[in-house]
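Visitor: Questions regarding the structure given below will be posed in turn.
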Amino acid sequence: MARITAGIGCSHVPAIGVAMDTGITEQPYWQPVFKGFDFSRQWMKDNKPDVVFLVYNDHCTAFDASCIPTFALGCAETFAPADEGWGARPVPIVRNHQKLASHIAQSVILDEFDLTIMNEMEVDHGLTVPLSAMFGEIPQDGEWPCLVVPLAVNVVQYPAPTANRCFQLGRAIRRAIDSFPEDLNVQIWGTGGMSHQLQAERAGLINAEWDTTFLDMMAGDPDAARQISHLEFLRETGSEGIEMVMWLVMRGALDEKVTEVHRHYHVPASNTAVGHIILENHD
Ligand code: DHB
Ligand code: FE
C-alpha cells in the first residue's frame with residue numbers, strides 16, 4: 001500500500017530559485033538561507049520518496065483572473081516550469097504519478113471535496129522552488145529524483161479556503177493515499193509563507209514570534225493551527241501570510257502525533273521570512 005511517511009513545510013520565495021539558478025548561494029546574504037537546507041538535502045537522500053504530493057499556490061501564472069479554482073489537482077502526465085516573466089527556470093520538467101493522481105481525484109471527490117481536475121498545467125515558483133531547496137541543483141536535462149502530484153490552492157484572490165477546510169482536505173488526501181494499492185513512499189509538502197507582505201503600507205512586514213508559534217503548532221498542536229482565522233493571518237503575518245493555509249493541508253494528512261526532525265527559520269530572503277520544517281509520521 002502507499003504510505004505517507006513525512007510532511008514538509010517550506011517557503012517558496014522565487015529569489016531562492018534565482019539564487020540557485022545563478023550560482024550565488026554562497027554569498028553572505030544567501031549562505032544562512034541555504035545552510036538550513038543542508039540537513040534536509042541529506043535527509044531527502046536517506047528518505048527518498050517515490051512521490052511527493054506537493055501543495056502550493058499558483059501566482060497568476062497557470063490561472064489568471066478569468067478562472068480561479070480553489071483546489072486544483074494536477075492530473076497531467078507532466079508539468080513544465082512556467083515563464084513567470086524572465087524565462088522559465090532551468091530546471092527539469094515535473095513528472096506526475098498519473099495513476100495515483102487519478103485515484104486521489106476519485107477518492108477525494110467522492111469524499112465530498114470538489115477538486116478541479118487539471119489535465120494541462122504549467123507550474124510556477126510555488127512548486128519548483130521547494131523542489132530545488134530540498135533536492136539541490138538538478139540540471140535542466142536531468143530528472144527530479146521523484147514523481148510529483150501537484151495540488152494548487154487559491155490564496156491569491158479573496159476568499160481563500162479556511163485553515164480548517166485545508167486541514168480537512170489533508171485528511172481526505174490521507175484516506176486517498178492510504179487506499180492506493182501500489183507500494184509507494186509518499187511525502188506531502190505544504191509550501192509558501194511565512195509572514196510576508198509584498199505591497200502597500202505594510203510591505204516588508206515580518207512577525208518572527210508568530211511564525212515560531214505556528215511552527216510549534218505544526219509540530220505539536222495542529223488543532224490550534226486549524227482554528228487560525230483569515231483575519232489573524234492578515235493582521236499578524238501580512239497579506240501573503242495566508243499562504244500558510246497550505247501547510248494545514250500537509251498537516252491534516254499526517255498522524256496526530258509526529259516527530260519533528262528538522263526546523264529552519266531565517267529572515268530575510270527577499271521580502272519574506274523563510275520557514276521550513278520536516279515532520280515524520282509514526283506508523
Ligand atoms: C516573494 C515571496 C513569495 O512567496 C512569492 O510568491 C513571491 C515573492 C518575496 O519574498 O519576494
Ligand atoms: Fe508565494
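The values are calculated or read from the model by the stated rules, or taken from the named source; none is laboratory data. Remember, it's a predicted structure, so these values are computed and weren't measured experimentally. All Cβ positions, even for glycine, are placed from backbone atoms using ideal geometry, and neighbour counts span all protein chains on display. All accessible areas refer to the heavy atoms of the entire protein, side chains included, with ligands and DNA or RNA removed. Shrake-Rupley method; radii C 1.70, N 1.55, O 1.52, S 1.80 Å.
Visitor: If I ask for residues that are within 18 Å of the chain's Cα centre (by Cα), within 16 Å of ligand 2 (Cβ to nearest atom) and assigned to a loop (DSSP other than H, G, I, E, B), which ones from the stretch 56-72 would you list?
Guide: The answer is Asn57, Asp58, His59, Cys60, Thr61, Ala62, Phe63.
Visitor: Considering only the stretch 192-208, I want to know if a residue exists there that is over 23 Å from Asn154 (Cβ atoms), touching an Asp or Glu at 6+ places or on another chain (Cβ under 9 Å), hydrophobic (A, V, I, L, M, F, W, C) and away from ligand 2 (no atom under 15 Å from the Cβ).
Guide: No: zero hits.
Visitor: Only residues that are open to solvent by 20 Å² or more (accessible area, probe 1.4 Å) and either under 17 Å from the mean Cα position of the chain (by Cα) or within 20 Å of Thr191 (Cα to Cα) (or both): list them for the stretch 1-29, please.
Guide: Thr5, Pro14, Ala15, Val18, Asp21
Visitor: Which of the residues that make up the stretch 48-64 are under 16 Å from Val186 (Cα atoms) and open to solvent by less than 50 Å² (accessible area, probe 1.4 Å)?
Guide: Matches in the stretch 48-64: Pro49, Val51, Val52, Phe53, Leu54, Val55.
Visitor: Which residues, counting only those in the stretch 82-95, are touching an Asp or Glu at 6+ places or on another chain (Cβ under 7 Å) and either open to solvent by less than 20 Å² (accessible area, probe 1.4 Å) or among the charged types (D, E, K, R) (or both)?
Guide: Ala82, Glu84, Arg89, Pro92
Visitor: Can you tell me which condition Phe34 does not meet? The list is (1) among the hydrophobic types (A, V, I, L, M, F, W, C); (2) open to solvent by 70 Å² or more (accessible area, probe 1.4 Å); (3) out of contact with any strand residue (DSSP E or B) (no Cβ under 9 Å at 6 or more places or on another chain), and all the others hold.
Guide: Going through (1) among the hydrophobic types (A, V, I, L, M, F, W, C); (2) open to solvent by 70 Å² or more (accessible area, probe 1.4 Å); (3) out of contact with any strand residue (DSSP E or B) (no Cβ under 9 Å at 6 or more places or on another chain) one by one, Phe34 breaks only (2).
Visitor: Whether any residue in the stretch 112-125 is within 19 Å of Ile242 (Cβ to Cβ), modelled with pLDDT of 95 or more and either small (Gly, Ala, Ser) or within 16 Å of ligand 2 (Cβ to nearest atom) (or both) is what I want to check.
Guide: yes
Visitor: How many of the residues making up the stretch 257-268 are of a type in the set (A, V, I, L, M, F, W, C) and either within 17 Å of the chain's Cα centre (by Cα) or away from ligand 1 (no atom under 16 Å from the Cβ) (or both)?
Guide: The qualifying residues number 2.
Visitor: Could you identify the single residue in Arg251, Arg235 that is open to solvent by less than 10 Å² (accessible area, probe 1.4 Å) and among the basic types (Lys, Arg)?
Guide: None of the others qualify; the one that does is Arg251.
Visitor: Related question: In the stretch 201-232, how many are closer than 15 Å to Thr272 by Cα and either among the β-branched types (Val, Ile, Thr) or open to solvent by 60 Å² or more (accessible area, probe 1.4 Å) (or both)?
Guide: Qualifying residue count for the region: 4.
Visitor: A further question on this structure: Among the residues of the stretch 164-191, count how many are more than 16 Å from ligand 2 (Cβ to nearest atom), under 18 Å from the mean Cα position of the chain (by Cα) and within 21 Å of Glu280 (Cα to Cα).
Guide: Residues meeting the conditions: 13.
Visitor: Hey, can you tell me all the residues within the stretch 9-36 that are within 16 Å of ligand 2 (Cβ to nearest atom), hydrophobic (A, V, I, L, M, F, W, C) and within 30 Å of Ala253 (Cα to Cα)?
Guide: Passing the criteria: Cys10, Val13, Ala15, Ile16, Val33.
Visitor: Given Val245, Val274, Val249, which one is of a type outside the set (Gly, Ala, Ser) and assigned to a strand (DSSP E or B)?
Guide: Selected residue: Val274, the only one of Val245, Val274, Val249 that is of a type outside the set (Gly, Ala, Ser) and assigned to a strand (DSSP E or B).
Visitor: While we're looking at this one, here's another question. Within the set of pairs 6 or more residues apart or between chains, which connect a residue that is more than 15 Å from Met134 (Cα to Cα) and of a type outside the set (Asp, Glu) inside the stretch 48-64 to a residue that is open to solvent by 40 Å² or more (accessible area, probe 1.4 Å) and within 14 Å of ligand 2 (Cβ to nearest atom) with Cβ atoms less than 7 Å apart?
Guide: Listed pairs, sorted by first residue: Asn57/Val156; His59/Val156; Cys60/Val156; Thr61/Glu84.
Visitor: Further question on the same structure: Go through the stretch 179-237 and report how many residues are within 16 Å of ligand 1 (Cβ to nearest atom) and either outside any helix (DSSP H, G or I) or not charged (D, E, K, R) (or both).
Guide: 23
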